Amino acid sequence: MKLIEHIHSYYCAGVFPQSITGGFTKTNLEGDPCRDLPGALALPGGYRIAYLEQIHTDIIHTVKAEGLYRGDGLFTDVPGIVLTVKTADCMPLLVYHARSGTVGVIHMGWRSAEVGILENIPVDLADCAVVAGVGMRKCCYKVGREFLTYRRLRPFLSPELHFDPVEYSRRILTGRGLRPVSFYDTGIC
């Protein structure tokens with residue numbers, strides 16, 4: 001994967017076919033992301049945006065239309081729908097299922113990880129590529145001792161109590177069938 005940087009965004013090249021654009025906006029966007037996205041990403045006319053009221057759960061929607069959905073993941077096989085999530089410290093994951101052309105985006109915070117959001121991905125991971133986006137990483141993701149009680153997260157804590165969402169995602173997804181060479185990491189904290 002090659003990350004291509006623009007003024008307001010990063011695009012992931014070499015992961016998706018040319019008909020699909022995957023990427024992440026930068027923090028220099030201000031205001032309403034859904035209103036700002038068309039200009040920031042230079043979207044062509046005819047786009048439709050599906051976005052989330054994010055609630056830190058394991059809920060993933062398969063969508064056929066634009067609009068607001070309540071949960072933490074969106075998947076679609078409908079051309080022209082732009083899937084979006086907002087993140088700060090949470091890890092956004094982009095998913096592409098090559099056989100069906102389905103794309104997805106996941107808002108994976110520690111709460112969603114603990115309740116098993118990655119187990120709810122609605123496509124066969126053996127035919128997928130996944131990109132871990134711009135989010136807090138092990139270097140900066142200091143957590144409290146209560147994380148030692150979270151059974152899904154505990155194996156991904158350092159002795160200094162730093163959570164590693166990238167390694168968590170990689171291990172859970174490859175354990176569910178994703179080929180290790182199909183997991184890409186932007187490396188941006």
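The values are calculated or read from the model by the stated rules, or taken from the named source; none is laboratory data. None of these values were measured; they are calculated from a predicted model. Glycine also receives a Cβ, built like all others from the backbone with ideal geometry; neighbour counts cover every protein chain displayed. Surface accessibility is based on the protein's heavy atoms, side chains included, excluding ligands, DNA and RNA. Shrake-Rupley method; radii C 1.70, N 1.55, O 1.52, S 1.80 Å.
Reported count of residues in the range 106-120, each being closer than 17 Å to Arg176 by Cα and open to solvent by 10 Å² or more (accessible area, probe 1.4 Å), is 4.
Taking first residues from the range 1-12 that are without any contact (Cβ under 8 Å) to a residue 40 or more places away in the chain and partners that are open to solvent by less than 50 Å² (accessible area, probe 1.4 Å) and of a type outside the set (Gly, Ala, Ser), the Cβ contacts under 7 Å between residues at least 6 apart in sequence or on separate chains come to Ile4/Tyr10; Ile4/Tyr11; His8/Lys26; His8/Leu29; Ser9/Phe24; Ser9/Lys26; Ser9/Leu41. Cβ-Cβ contacts under 8 Å between residues 6 or more apart (or on different chains), taken from a first residue in the range 161-189 that is free of Cβ contacts under 8 Å to residues at least 40 places away in the same chain to a second residue that is among the β-branched types (Val, Ile, Thr) and in a loop (DSSP other than H, G, I, E, B), are listed as Leu161/Val143; His162/Val143. For the range 132-176, the set of residues classified as open to solvent by less than 60 Å² (accessible area, probe 1.4 Å), of a type in the set (Ser, Thr, Tyr) and not in a loop (DSSP other than H, G, I, E, B) consists of Tyr168, Ser169, Thr174, listed by residue number. For the range 53-67, a tally of residues being at pLDDT 95 or above and either assigned to a loop (DSSP other than H, G, I, E, B) or surrounded by fewer than 18 Cβ atoms within 10 Å (Cβ to Cβ) (or both) returns 9. Quick one: in the range 1-51, of everything that is in a strand (DSSP E or B) and open to solvent by 70 Å² or more (accessible area, probe 1.4 Å), which residue is modelled with the lowest pLDDT? Looking at residues that are in a strand (DSSP E or B) and open to solvent by 70 Å² or more (accessible area, probe 1.4 Å), I get Arg48. Selection over the range 68-102 of residues that are among the charged types (D, E, K, R) and open to solvent by less than 20 Å² (accessible area, probe 1.4 Å) gives a count of 1.
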